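Engineer: Here it is, the structure, as structure tokens.
The values are calculated or read from the model by the stated rules, or taken from the named source; none is laboratory data. Keep in mind that what you see is a predicted model, and the values were worked out from it rather than measured. Positions of Cβ are backbone-derived with ideal geometry, glycine not excepted, and every protein chain shown enters the neighbour counts.
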Amino acid sequence: MASSVPDSSGLDSSGLGVRRAVGFVAPALVLIGIFLVFPALWTLYIGITNYQLTGPAAANPRVVGLDNVLEAVQDPLFTNSVWLTALFVLFSAVIGQNVLGFALAWLLRSASQWLRRTVEGLVLLSWILPSTVVAFLWFAVLSRDTGTLGLLLGSPETSWLVQYPMISLIIFNIWRGTAFSMLLYTSALAAVPPSQLETARLVGASGWQTVRDVVFPHIRGHVLTNTLLISLWTANDFTPFLLTSGGPNHQSEVLPVLIYRQALESGQLGYASAMSLLLLIGNLAVALVYLRLLRRRA
Amino acid sequence: MSPLWILRRIGFYVLITVVLAFFAVPMLWLASAPFDSKPGLGLRWPDWTLSNVSATFDHPYTLSSLVNSLILCAIATVVTTVLAALAAYALSRVRIPGRDLLLYLLLLLSSVVTGTAAMVPIFVMMLQLGLINSQFGTALVIAGGMLPAAIFILKDFMDAVPRSYEESARVFGASPWQVLGHVMLPVARPGVATIFVWAFVNAWGNFLLPFLLLRDVGQQPAAVLLRTLYDEGGSANLTVIPVFSLLYSIPVVVLYLFVNKRYGFRFHGGIKS
């Protein structure tokens with residue numbers, strides 16, 4: 001992607017010149033440097049101190065080396081959280097959003113205009129509404145006594161977010177994020193040559209065979225891109241905090257929620273930074289594997 | 001019209017109905033609860049009233065928080081769009097030394113360093129700079145987080161603009177600024193509009209950063225106030241929450257309808273395989 005458009009022989013059609021071009025890029029880079037790169041690097045430093053929000057360690061943080069990281073990987077709260085985050089990403093993003101997004105793109109391709117617009121409109125709306133509003137919409141679905149799901153299933157005494165917190169979060173996140181996969185697969189499907197689909201139909205291939213043997217080879221790159229992006233977004237999503245705040249009893253405490261609670265509620269800034277660092281390394285590892293796969297294909 | 005064909009049509013419509021219900025049912029609350037005399041966390045046919053609306057306007061912080069959202073969002077969106085357009089243009093047209101490495105790093109940064117992963121250092125940095133409770137500072141943090149992706153998407157749009165346009169403008173003696181203002185930006189307008197809307201929706205809905213960095217209720221945007229209305233005093237303020245949720249959602253919905261009508265909600269080759 002980065003170097004997909006090679007410069008033609010006319011090196012600089014705009015007449016900007018290198019110096020002015022640097023001036024154009026600089027303001028953006030300064031902001032990115034201060035608010036993104038610097039914090040990321042600083043995580044490294046805070047992560048090896050015993051820095052706290054209040055108390056003696058707030059004024060004079062002491063360097064404790066890798067103790068925080070070692071403590072984190074042995075902390076049952078942290079390992080529990082990593083496990084929950086993995087479940088959350090696997091079931092809501094890699095499987096849920098991917099499959100539903102593709103299914104919608106595939107099924108709606110031949111649907112009538114108004115049906116297509118209605119479905120796409122609703123799916124997109126669930127994607128763009130502010131997260132705090134969306135949290136209330138789902139309280140109304142999942143709450144006890146008056147919740148819509150309880151009424152539909154005839155079990156109003158079930159408090160879904162308390163009794164089944166992780167399953168609720170997974171279903172919620174499929175609802176919240178499928179739009180992106182649907183949009184991406186819709187544009188990917190447009191690139192599959194219609195003649196090949198026609199051939200598949202003529203030889204009597206079933207829908208599943210067509211998807212597997214004709215469509216999938218064309219959109220493999222899109223599947224990879226989509227899976228990477230939605231996985232990273234889901235692993236770093238803070239909305240679970242709005243729905244369950246990690247509870248009850250840490251049962252839905254995904255990493256972003258754990259980091260927030262350790263840093264701001266317990267005041268353990270150093271320890272929380274070490275966890276952030278592990279999350280950053282996880283993100284980086286996933287992104288690098290993806291870029292390598294992409295390059296091998298190219 | 002074989003039986004199999006009919007069976008498959010039925011299956012198709014059942015599936016689509018289930019999906020439609022899944023996506024629509026949660027949203028019905030936003031249509032019913034604001035106008036119900038006894039709004040609750042649940043769905044029912046409302047006992048119609050407008051008293052919740054006046055209660056919402058009487059609340060001391062609702063309107064000011066919407067104004068705060070607008071300020072925060074306007075700064076973040078304008079900064080992101082302008083800086084990303086300048087950077088994307090220069091990166092698209094000029095081979096600055098180290099450009100490919102820079103683009104590669106930006107791509108990594110945009111997906112790897114997230115507000116959640118960097119929340120502790122961002123909080124500590126703003127605390128030490130004395131920028132806690134500063135709307136401008138918070139807006140810049142939000143903009144900094146959006147910039148890498150914005151530059152990337154815009155560069156794709158700018159790459160698609162034929163170079164011959166600028167070359168002919170320059171033959172007629174246009175300065176680089178004139179080329180940018182009168183040739184590039186009008187041609188790349190769908191791209192700039194995409195980034196503008198994308199940045200606006202993101203900044204408008206952002207909860208974590210204002211929640212971390214704006215601790216004073218007078219400075220907080222609607223996203224944070226809505227959460228406070230839920231937590232405050234141990235029980236949710238259900239007369240105000242539904243109407244306020246609706247008011248807070250309107251700008252995003254209007255923007256969505258506008259984009260949908262004007263450009264259509266599609267990926268225009270912005271994402272390549």
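Engineer: Criterion first (closer than 30 Å to B:Lys38 by Cβ and assigned by TED's automatic domain parsing to the domain that holds A:Trp127) does A:Thr199 satisfy it?
Structural biologist: Details: closer than 30 Å to B:Lys38 by Cβ: no; assigned by TED's automatic domain parsing to the domain that holds A:Trp127: yes.
No, not satisfied.
Engineer: Which one of these does B:Val19 not meet: (1) touching a residue at least 24 places away in the same chain (Cβ under 8 Å); (2) at the interface with chain A (Cβ under 9 Å from one of its Cβ atoms); (3) among the β-branched types (Val, Ile, Thr)?
Structural biologist: Here B:Val19 meets the rest and fails (1).
Engineer: Go through (1) more than 27 Å from A:Gly23 (Cα to Cα); (2) modelled with pLDDT under 90 one by one and return the number of the condition B:Arg99 breaks.
Structural biologist: (1)
Engineer: While we're looking at this one, here's another question. Just to be sure, is A:Arg116 surrounded by fewer than 20 Cβ atoms within 10 Å (Cβ to Cβ), within 11 Å of chain B (Cβ to nearest Cβ), within 28 Å of A:Tyr260 (Cβ to Cβ) and free of Cβ contacts under 8 Å to residues at least 60 places away in the same chain?
Structural biologist: Working: surrounded by fewer than 20 Cβ atoms within 10 Å (Cβ to Cβ): yes; within 11 Å of chain B (Cβ to nearest Cβ): yes; within 28 Å of A:Tyr260 (Cβ to Cβ): no; free of Cβ contacts under 8 Å to residues at least 60 places away in the same chain: yes.
Here the answer is no, as A:Arg116 does not meet what is asked.
Engineer: Identify, please: which residue in segment A:243-263 is part of a helix (DSSP H, G or I) and more than 7 Å from every other protein chain (Cβ to nearest Cβ) and is, among those, surrounded by the fewest Cβ atoms within 10 Å (Cβ to Cβ)? It would help to see each step written out before you state the result.
Structural biologist: Of segment A:243-263, the ones part of a helix (DSSP H, G or I) are A:243-244, A:255-263.
Filter once more, so that each one left must be more than 7 Å from every other protein chain (Cβ to nearest Cβ): A:243-244, A:255, A:257-258, A:261-262.
Details: A:Leu243: 23, A:Thr244: 23, A:Leu255: 25, A:Val257: 26, A:Leu258: 25, A:Arg261: 19, A:Gln262: 25.
My answer is A:Arg261.
Engineer: Considering only segment B:179-190, state which residues are surrounded by fewer than 20 Cβ atoms within 10 Å (Cβ to Cβ) and at the interface with chain A (Cβ under 10 Å from one of its Cβ atoms).
Structural biologist: Residues of segment B:179-190 that are surrounded by fewer than 20 Cβ atoms within 10 Å (Cβ to Cβ), as a first pass: B:181-183, B:185-187, B:189-190.
Across segment B:179-190, the qualifying residue is only B:Val183.
Engineer: Next question. Can you tell me which residue among A:Gly247, A:Gly267 is more than 16 Å from A:Val82 (Cβ to Cβ) and touching an Asp or Glu at 6+ places or on another chain (Cβ under 8 Å)? Outline the logic, then answer.
Structural biologist: Numbers: A:Gly267 fails: touching an Asp or Glu at 6+ places or on another chain (Cβ under 8 Å).
Answer to the selection: A:Gly247.
Engineer: Still on this structure: Please find, within segment A:59-68, the residue that is farthest from B:Met125 (Cα to Cα) out of those that are part of a helix (DSSP H, G or I) and within 14 Å of chain B (Cβ to nearest Cβ). Give the steps one after another, and end with the answer.
Structural biologist: Initially, segment A:59-68 is screened for residues part of a helix (DSSP H, G or I), giving A:59, A:67-68.
So of that shortlist, the ones also within 14 Å of chain B (Cβ to nearest Cβ) come out as A:59, A:68.
Working: A:Ala59: 15, A:Asn68: 20 Å.
Top of the filtered list is A:Asn68.
Engineer: Still on this structure: From A:Gly177, A:Gly150, grab the single residue that is under 23 Å from the mean Cα position of the chain (by Cα) and surrounded by 15 or more Cβ atoms within 10 Å (Cβ to Cβ).
Structural biologist: Working: A:Gly150 fails: under 23 Å from the mean Cα position of the chain (by Cα).
It is A:Gly177.
Engineer: With segment B:33-123 as the region, which helices (runs of 4 or more DSSP H) entirely inside it contain at least 1 residues that are crowded, with 16+ Cβ neighbours inside 10 Å, touching a helix residue (DSSP H, G or I) at 6+ places or on another chain (Cβ under 6 Å) and within 11 Å of chain A (Cβ to nearest Cβ)? Give the steps one after another, and end with the answer.
Structural biologist: Working: elements: B:51-58, B:62-93, B:99-112.
Because the criterion is at least 1 residues that are crowded, with 16+ Cβ neighbours inside 10 Å, touching a helix residue (DSSP H, G or I) at 6+ places or on another chain (Cβ under 6 Å) and within 11 Å of chain A (Cβ to nearest Cβ), the helices (runs of 4 or more DSSP H) in segment B:33-123 that meet it are B:62-93, B:99-112.
Engineer: Moving on. For segment A:264-298, what are the residues that are more than 9 Å from every other protein chain (Cβ to nearest Cβ) and without any contact (Cβ under 8 Å) to a residue 24 or more places away in the chain?
Structural biologist: Passing the criteria: A:Glu265, A:Ser266, A:Ile281, A:Ala285, A:Val289, A:Arg292, A:Arg295, A:Arg296, A:Ala298.
Engineer: Read through the list (1) in contact (Cβ under 8 Å) with a residue 60 or more places away in the chain; (2) over 24 Å from A:Gly15 (Cα atoms); (3) buried (at least 21 other Cβ atoms within 10 Å of the Cβ); (4) among the small types (Gly, Ala, Ser), then give the number of the only condition that B:Ala193 fails.
Structural biologist: B:Ala193 satisfies every listed condition except (3).
Engineer: Let me ask something else about it. Condition test on B:Leu238, is it assigned to a helix (DSSP H, G or I) and touching a residue at least 12 places away in the same chain (Cβ under 8 Å)?
Structural biologist: No.
Engineer: Follow-up question, since we're still on this one. Please work out if B:Pro190 is assigned to a helix (DSSP H, G or I), within 25 Å of B:Gly145 (Cβ to Cβ) and at pLDDT below 85. Reasoning before the result, please.
Structural biologist: Details: assigned to a helix (DSSP H, G or I): yes; within 25 Å of B:Gly145 (Cβ to Cβ): yes; at pLDDT below 85: yes.
Yes.
Engineer: If you don't mind, there's one more thing I want to ask. Just to be sure, is A:Gly270 in contact with a strand residue (DSSP E or B) (Cβ under 6 Å, 6 or more places away or on another chain) and either assigned to a helix (DSSP H, G or I) or at pLDDT below 90 (or both)?
Structural biologist: On the way: in contact with a strand residue (DSSP E or B) (Cβ under 6 Å, 6 or more places away or on another chain): yes; either assigned to a helix (DSSP H, G or I) or at pLDDT below 90 (or both): yes.
Yes: the conditions hold for A:Gly270.
Engineer: Within segment B:161-171, can you find the residues that are surrounded by fewer than 16 Cβ atoms within 10 Å (Cβ to Cβ) and of a type in the set (A, V, I, L, M, F, W, C)?
Structural biologist: Of everything in segment B:161-171, just one residue is surrounded by fewer than 16 Cβ atoms within 10 Å (Cβ to Cβ) and of a type in the set (A, V, I, L, M, F, W, C), namely B:Val171.
Engineer: Residue by residue through segment A:175-218, note down the ones that are in a helix (DSSP H, G or I), free of Cβ contacts under 8 Å to residues at least 40 places away in the same chain and more than 14 Å from chain B (Cβ to nearest Cβ).
Structural biologist: Correct list: A:Pro194, A:Ser195, A:Gln196, A:Leu197, A:Glu198, A:Thr199, A:Ala200, A:Leu202, A:Gln209, A:Arg212, A:Asp213, A:Val214.
Engineer: Follow-up. Pairs under 7 Å by beta carbon, first residue at the interface with another protein chain (Cβ under 7 Å from one of its Cβ atoms) in segment A:128-142, partner among the charged types (D, E, K, R), six or more apart or different chains?
Structural biologist: Within 7 Å, the pairs are A:Thr132/B:Arg227.
Engineer: Search segment A:153-174 for residues being under 16 Å from the mean Cα position of the chain (by Cα) and within 11 Å of another protein chain (Cβ to nearest Cβ), and hand back the single one that is surrounded by the fewest Cβ atoms within 10 Å (Cβ to Cβ).
Structural biologist: A:Ile171
Engineer: Can you name every residue in segment B:130-148 that is surrounded by fewer than 23 Cβ atoms within 10 Å (Cβ to Cβ) and at the interface with chain A (Cβ under 10 Å from one of its Cβ atoms)?
Structural biologist: Of everything in segment B:130-148, those that are surrounded by fewer than 23 Cβ atoms within 10 Å (Cβ to Cβ) and at the interface with chain A (Cβ under 10 Å from one of its Cβ atoms) turn out to be B:Gly137, B:Leu140.
Engineer: Same structure, new question: What residue, of A:Phe88, A:Phe78, is farther than 14 Å from A:Gln268 by Cβ, buried (at least 19 other Cβ atoms within 10 Å of the Cβ) and hydrophobic (A, V, I, L, M, F, W, C)? Step through it out loud before you land on a result.
Structural biologist: On the way: A:Phe78 fails: farther than 14 Å from A:Gln268 by Cβ.
Answer to the selection: A:Phe88.
Engineer: Separate question: Restricting to segment A:45-58, name every residue that is in a helix (DSSP H, G or I) and either at positive phi or more than 9 Å from chain B (Cβ to nearest Cβ) (or both). Before the answer, list the steps.
Structural biologist: Start the filter on segment A:45-58 by keeping residues that are in a helix (DSSP H, G or I), which leaves A:45-47, A:56-58.
Those that are in a helix (DSSP H, G or I) and either at positive phi or more than 9 Å from chain B (Cβ to nearest Cβ) (or both): A:Pro56, A:Ala57, A:Ala58.
Engineer: Here's a follow-up. Is it the case that segment B:2-11 has a residue that's within 14 Å of another protein chain (Cβ to nearest Cβ) and outside any helix (DSSP H, G or I)?
Structural biologist: The initial filter retains those residues of segment B:2-11 that are within 14 Å of another protein chain (Cβ to nearest Cβ), namely B:2, B:4-5, B:7-11.
Then keep just the ones that are outside any helix (DSSP H, G or I); that gives B:2.
Scanning segment B:2-11 turns up at least one residue that is within 14 Å of another protein chain (Cβ to nearest Cβ) and outside any helix (DSSP H, G or I).
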